[in-house]
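Report on the structure given below.
Rule-based calculations on the coordinates, nothing more; no lab input. Quick caveat, the model's predicted, so the values are computed rather than measured. In this analysis, Cβ positions are derived from the backbone assuming ideal geometry, glycine residues included, and neighbour counts consider all displayed protein chains.
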């Protein structure tokens, strides 16, 4: 388990000093895939680098399996870091090392014999789908292949935790999908707890169990992905999850709207047709955005209501009677 308690980070090498993280509190449970999402500059990458003390927090604690990393002696910290693998947006491979030797690097500095290290590297390259590429060099690989090498290298010391800092943002959609599927398989088969930093909603809704939304150095919202996606509470979460579209932004015209919320309780129900049949009120769909998460549709549908008060009241009353989640207005 990773526990972050009252963590703050200030960079004093700027004028004035820059507070990048402010009183961050969150827990990443064993075996889960935990996502952290936010806009650029929100503090995501600094936060993940504080987890393994690549950045030393100004205040607060980072506990991994109950141990406060900041309190460890250097030798013990280096040992603790073997249990925390990390992959980066730009892969960070050694250009002059072969694929096998890149994967072997953390084993070499851990003192593992060369033959054992090479066997472990080949085992991991097979796991990530790169058998036959052992003697290739990074310049000969695609972006997706480079990231697979980086994942194999991060797993070399058999870590319990894997930190992913924008690991898919440099990849095309198809390659991103394959890397996310690989991470999900690693989590499922190896029991590795994964912490993903991203600004891409598709990454969160594709593989994460829980998500924290960070905004201007603070945690704005945290919860199960399905709950946060279907009922975002903070302004930043609504901005990220329910982005404006040309149609959605055009409806700020003084007319009346309700926003239906689709979740595990309402997914699959013919709500719109039932609403019109029951109330005899004509409504039109102004905007809709849903995502499939685990076979269930989550998202919203914006309905424009008629001008007469009786029609509006009938629609709102029916939605309440049917216990259908909704909000009034855009």
Inset, instruction - Return the whole-Å distance between the Cα centroid of region 187-234 and the Cα centroid of region 128-168. - result: 23
Legend entry - Proxy reagent accessibility, fewest Cβ within 10 Å first, across 217, 310, 98: 310, 98, 217
Inset, instruction - With springs connecting C-alpha atoms under 10 Å apart, model the chain as a Gaussian network and identify which of 319, 69, 162 has the largest mean-square fluctuation. - result: 319
Inset, instruction - Return the single residue from 234, 273, 40 with maximal mean-square fluctuation; model: Gaussian network over the chain, springs between Cα atoms under 10 Å. - result: 273
Inset, instruction - Take the chain, connect every pair of alpha-carbon atoms lying under 10 Å apart with a spring to form a Gaussian network, then pick out the residue of 269, 202, 238 with the largest mean-square fluctuation. - result: 269
Legend entry - Nearest-ten-degree value, helix 114-127 long axis tilted from longest Cα axis of the chain: 20
Legend entry - Relative exposure of 229, 326, judged by other C-beta atoms within 10 Å (fewest first): 326, 229
Inset, instruction - Would you calculate a helix-derived [θ] at 222 nm for the chain, using -39,500 (n - 2.57) for each DSSP H run of n ≥ 4 and dividing by the full residue count, to the nearest 500? - result: -10500 deg cm²/dmol
Inset, instruction - Could you check what % of the DSSP bridge pairs in the chain are antiparallel, to the nearest 5? - result: 65
Inset, instruction - Report the relative contact order of the chain, percent, no decimals, based on alpha-carbon pairs under 8 angstrom and at least 6 residues apart. - result: 18
Legend entry - Listed values (i) 5, 18, 23, 19, 15, 11, 6, 3, 1, 0; (ii) 5, 23, 27, 21, 14, 8, 3, 0; (iii) 6, 24, 29, 24, 13, 4, 1, 0, entry calculated as P(r) over Cα pairs in 10 Å bins from 0, in percent: (ii)
Legend entry - Rounded tilt (10° steps) of 309-321 against the dominant C-alpha axis of the chain: 50
Inset, instruction - Would you mind ranking 328, 134 by Cβ crowding within 10 Å, fewest neighbours first? - result: 328, 134
Legend entry - Value of Rg/Rh across region 14-140 [Cα atoms, Kirkwood radius]: 1.02
